[in-house]
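Written out below as structure tokens is the structure these notes cover.
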Amino acid sequence: MAIENEILITLAAEIVEAHVSNNSIAVGEVSTLIEKVYDALEKLGVPTQAVVEKPKGAVSIRASIKPEHLVSMIDGKPYKMLKRHLTLHGYTPESYREAFGLPSDYPMIAASHSQKRREIAKTLGLGRKRKAPVEPVVADKPARKPRVKKVVAELTEG
């Protein structure tokens with residue numbers, strides 16, 4: 001600790017010396033300048049506690065959920081899907097919910113958009129089990145030989 005104190009005094013003296021050599025200062029102010037510089041250097045080593053302020057949403061939670069869209073708490077704009085918007089602002093769905101005090105079941109996709117996608121999936125047949133493949137029917141009779149045309153027969157004879 002004594003070594004750190006000596007280093008701080010030396011640094012403060014060098015800083016004040018450089019300042020005084022370029023600026024005119026009254027003799028009585030030099031001691032207060034040394035004190036201020038020393039205190040500032042001493043505070044540099046102490047970590048400060050950052051006051052983390054919880055961000056306030058642009059709208060209320062209830063007003064942010066509409067059937068056609070979700071209103072972003074970040075900028076107050078409507079979106080059908082929030083995930084890409086959140087990624088642009090450095091949030092994940094979990095961190096977004098936590099940052100703005102949203103419930104864990106808060107939707108990330110608007111209800112109408114989800115319904116539309118559900119209908120499209122149903123029309124495409126997604127989510128159904130596949131039908132069993134149809135086995136080819138084996139014929140009892142042997143396959144017929146194809147008829148050779150008369151012209152082809154004449155060419156082979158002649």
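The values are calculated or read from the model by the stated rules, or taken from the named source; none is laboratory data. All values derive from a computational prediction rather than experimental measurement. FYI the Cβ positions are ideal-geometry reconstructions off the backbone, even for glycines, and counts take in every protein chain you see.
I'd like the full set of residues that are in a loop (DSSP other than H, G, I, E, B), under 27 Å from the mean Cα position of the chain (by Cα) and not acidic (D, E), limited to the range 91-150.
Y91, T92, F100, G101, L102, P103, S104, Y106, P107, M108, A110
Working carefully through the options I15, I7, I25, find the one that is at pLDDT 85 or above and assigned to a loop (DSSP other than H, G, I, E, B).
I25
Is it fair to say V51 is among the hydrophobic types (A, V, I, L, M, F, W, C), exposed (fewer than 10 other Cβ atoms within 10 Å of the Cβ), modelled with pLDDT under 85 and closer than 30 Å to A13 by Cβ?
Judged against the criteria, V51 is not a match.
Given A99, A132, which one is at pLDDT below 95 and either among the hydroxyl-bearing types (S, T, Y) or loosely packed, with under 12 Cβ neighbours inside 10 Å (or both)?
When all the criteria are applied, what remains is A132.
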